[in-house]
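Down below is the structure, laid out as structure tokens.
The values are calculated or read from the model by the stated rules, or taken from the named source; none is laboratory data. The model shown is predicted, which means the values in this text are computed figures rather than measured ones. Cβ placement follows ideal geometry from the backbone for every residue including glycine, while neighbour counts extend to all protein chains displayed. Surface areas here come from the heavy atoms of the whole protein model, side chains and all, with no ligands, DNA or RNA. Shrake-Rupley method; radii C 1.70, N 1.55, O 1.52, S 1.80 Å.
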Amino acid sequence: MLRRDRIVAMVTLSLLNVFTLGAGVAVVKLTPQSSLQLEPPSVATRAIVRASGSSVIPSDASAPMPGSGLGIELLGLLGGQAGAINAVVVDATTRRTLFDQRAKVAAVPASTTKVVTSAAALAVLGSEYRLTTKVVKGAGGGIVLVGGGDPTLTAGPPRGYPTYASLPDLAKRTAAALKAAGTTRVRVDYDASLYQGSRTAPGWKPNYMPDGEVAPVTALMVDEGRVAPGNRSRVADPPGAATQAFAGLLRQNGISARAGTRTQAAPKAAQLAAVQSPPVSVLVERLMTDSDNDLAEAMIRQVAIKRKRPPTFAGGAQAVQETLAQLGVGEGVRLADGSGLSTSNRITPMALARIISLAASGKRPELRAMITGLPVAGFSGTLADRYTTVALPGAGVVRAKTGTLANVSTLAGITSDADGRLLAFAFMAGSTNSEVLDQLASIVAMCGCR
């Protein structure tokens with residue numbers, strides 16, 4: 001059953017975290033050590049619960065395995081809602097199933113789809129891979145802005161950490177190269193051919209783009225196709241808008257430039273300048289923490305390209321499925337997109353828990369950024385404003401990816417229980433209030449149930 005003393009301690013520490021960073025550090029330091037050590041600056045290391053040189057996820061491999069008491073506690077909360085929630089809890093080390101309620105029944109995953117997308121991206125691309133936006137020589141003395149599929153390319157100057165690829169930086173470098181060659185007047189065409197097919201996925205609602213949930217998927221955009229940085233509204237033609245902005249920046253750098261039309265750069269066209277995104281590990285952390293739909297759709301296409309599949313929604317889904325199969329966690333996954341916006345996606349709770357367990361196990365260290373990118377309950381990302389009332393005991397302890405669509409609420413992540421055992425979980429529901437899922441995860445975290 002739940003341990004009252006640990007609940008009181010965690011509630012007290014969680015409340016203190018609202019006021020001081022020091023208390024947030026204390027939450028972590030009071031827990032056992034883990035093999036998952038913090039890396040240099042990342043989304044995870046900036047979370048309020050971080051502790052330099054301390055563990056990301058507290059765990060104790062020698063801790064006792066939870067028994068039937070865990071299921072009793074979970075079912076006690078579910079009560080009459082048991083029929084509406086598919087759920088699983090597994091031991092992250094052994095993958096032994098500790099609680100199973102229709103765990104192999106697929107459901108609409110919403111944004112927990114990003115768990116799958118991120119694992120595939122890290123496995124195929126590697127944590128250090130970067131996306132490149134470049135400018136090459138074009139026909140008739142013109143130049144071509146070539147999209148490399150980086151939605152984080154920004155209209156602002158390069159600064160801070162992580163340093164995203166900057167369009168002004170690219171324009172400055174391009175202008176210098178043109179002047180060195182004696183060129184002061186150019187037409188700027190653009191090449192967005194890296195991604196193909198429809199810019200919207202099956203199962204996407206018509207309001208997603210007008211509401212700013214996602215931009216039309218394309219290989220060339222600035223600030224994720226937003227009208228302006230920080231603005232939810234998206235432009236109708238991201239490549240065209242990026243090219244117009246780039247031509248304007250060239251003019252600011254002393255080049256008489258005008259925006260041209262869509263084209264396809266010659267395969268061996270001479271490169272004038274290029275900028276690169278942060279490593280994929282950083283991009284994955286961002287897409288997991290913030291539930292970034294545009295980054296997720298970029299990652300699934302990059303996986304398709306690397307695996308020599310069509311860089312489309314269908315090709316990306318096929319490439320991810322092949323990757324998961326090679327990792328031994330492919331069962332129970334069917335995708336229509338990479339972000340989880342599509343209502344056509346189907347994933348089982350068991351599949352999510354197994355993928356998370358693999359990433360946390362240390363057996364595939366390249367998957368680590370998927371774990372460090374998980375939002376921390378009550379403190380970061382899409383969980384920053386949750387775990388503040390009845391689910392408060394899980395604050396600072398639960399790390400999980402959220403998922404929300406109309407009549408869909410999901411939560412999949414990892415935590416150590418009261419005895420220090422590392423557990424993975426996935427809860428998938430219809431119209432159930434997300435707070436119920438938060439409470440379930442808190443029970444997993446606080447229960448030393450034997």
Among (1) of a type in the set (Asp, Glu); (2) farther than 27 Å from Leu341 by Cβ; (3) within 30 Å of the chain's Cα centre (by Cα), the one test that Asp189 misses: (3)
Matching residues in region 238-260 - criterion: being in contact with a strand residue (DSSP E or B) (Cβ under 6 Å, 6 or more places away or on another chain) and either closer than 30 Å to Ser380 by Cα or hydroxyl-bearing (Ser, Thr, Tyr) (or both): Thr243, Ser256
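So which residues in region 185-219 are under 22 Å from Phe246 (Cβ atoms) and assigned to a loop (DSSP other than H, G, I, E, B), if there are any at all? Step through it out loud before you land on a result.
Pass one, region 185-219, residues under 22 Å from Phe246 (Cβ atoms): 185-195, 199, 215-219.
Selection gives Ala192, Ser193, Leu194, Tyr195, Arg199, Ala215, Pro216, Val217, Thr218, Ala219.
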Count of region 381-408 residues which are over 13 Å from the mean Cα position of the chain (by Cα), surrounded by fewer than 23 Cβ atoms within 10 Å (Cβ to Cβ) and hydroxyl-bearing (Ser, Thr, Tyr): 3
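Yes/no matrix, rows are residues, columns are (1) within 20 Å of Pro202 (Cα to Cα); (2) part of a strand (DSSP E or B); (3) in contact (Cβ under 8 Å) with a residue 60 or more places away in the chain; (4) within 16 Å of the chain's Cα centre (by Cα):
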residue	(1), (2), (3), (4)
Met221	no, no, yes, no
Pro229	no, no, yes, no
Pro239	no, no, yes, no
Ala245	no, no, yes, no
Ala259	no, yes, yes, no
Gln264	no, no, yes, no
Met288	no, no, yes, yes
Leu295	yes, no, yes, yes
Pro311	yes, no, yes, no
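Answer with yes or no whether Val275 is free of Cβ contacts under 8 Å to residues at least 24 places away in the same chain and surrounded by 19 or more Cβ atoms within 10 Å (Cβ to Cβ). Full working, then the answer.
Values: free of Cβ contacts under 8 Å to residues at least 24 places away in the same chain: no; surrounded by 19 or more Cβ atoms within 10 Å (Cβ to Cβ): yes.
Taking the combined requirement at face value, the residue does not satisfy it.
Do the conditions hold for Ala429, that is, is it buried (at least 22 other Cβ atoms within 10 Å of the Cβ), touching a residue at least 60 places away in the same chain (Cβ under 8 Å) and not polar (S, T, N, Q)? Before you say what the answer is, go through the steps one by one.
Values: buried (at least 22 other Cβ atoms within 10 Å of the Cβ): yes; touching a residue at least 60 places away in the same chain (Cβ under 8 Å): yes; not polar (S, T, N, Q): yes.
Yes, satisfied.
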Residue satisfying all of: in region 375-416; in contact with a Leu (Cβ under 6 Å, 6 or more places away or on another chain) and part of a loop (DSSP other than H, G, I, E, B); nearest to Ser291 (Cα to Cα) among these: Pro375
Out of Arg185, Arg173, Arg199, sole residue that is out of contact with any strand residue (DSSP E or B) (no Cβ under 8 Å at 6 or more places or on another chain) and of a type in the set (D, E, K, R): Arg199
Failed item, numbered, when Val282 is tested on (1) in contact with a strand residue (DSSP E or B) (Cβ under 6 Å, 6 or more places away or on another chain); (2) open to solvent by less than 20 Å² (accessible area, probe 1.4 Å): (1)
Ile371 vs. criteria within 16 Å of the chain's Cα centre (by Cα) and either open to solvent by 20 Å² or more (accessible area, probe 1.4 Å) or of a type outside the set (Gly, Ala, Ser) (or both): yes
Residue within region 344-366 that is in a loop (DSSP other than H, G, I, E, B) and crowded, with 24+ Cβ neighbours inside 10 Å present: yes
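Got a number for residues in region 171-183 being outside any helix (DSSP H, G or I) and either surrounded by 13 or more Cβ atoms within 10 Å (Cβ to Cβ) or hydrophobic (A, V, I, L, M, F, W, C) (or both)?
Residues of region 171-183 that are outside any helix (DSSP H, G or I), as a first pass: 181-183.
Now restrict to residues that are either surrounded by 13 or more Cβ atoms within 10 Å (Cβ to Cβ) or hydrophobic (A, V, I, L, M, F, W, C) (or both): 181, 183.
Qualifying residue count, region 171-183: 2.
What is the residue count in region 410-426 for residues that are open to solvent by less than 10 Å² (accessible area, probe 1.4 Å) and either modelled with pLDDT under 95 or in contact with a His (Cβ under 8 Å, 6 or more places away or on another chain) (or both)? Show your work before the answer.
Residues of region 410-426 open to solvent by less than 10 Å² (accessible area, probe 1.4 Å): 410-417, 420, 423-426.
After this cut, where a residue has to be either modelled with pLDDT under 95 or in contact with a His (Cβ under 8 Å, 6 or more places away or on another chain) (or both) as well, the list is 416-417, 420.
Residues in region 410-426 being open to solvent by less than 10 Å² (accessible area, probe 1.4 Å) and either modelled with pLDDT under 95 or in contact with a His (Cβ under 8 Å, 6 or more places away or on another chain) (or both): 3 in total.
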Qualifying residue in region 433-440 (condition: at pLDDT below 95, open to solvent by 20 Å² or more (accessible area, probe 1.4 Å), within 17 Å of Ser111 (Cα to Cα) and in a helix (DSSP H, G or I)): yes
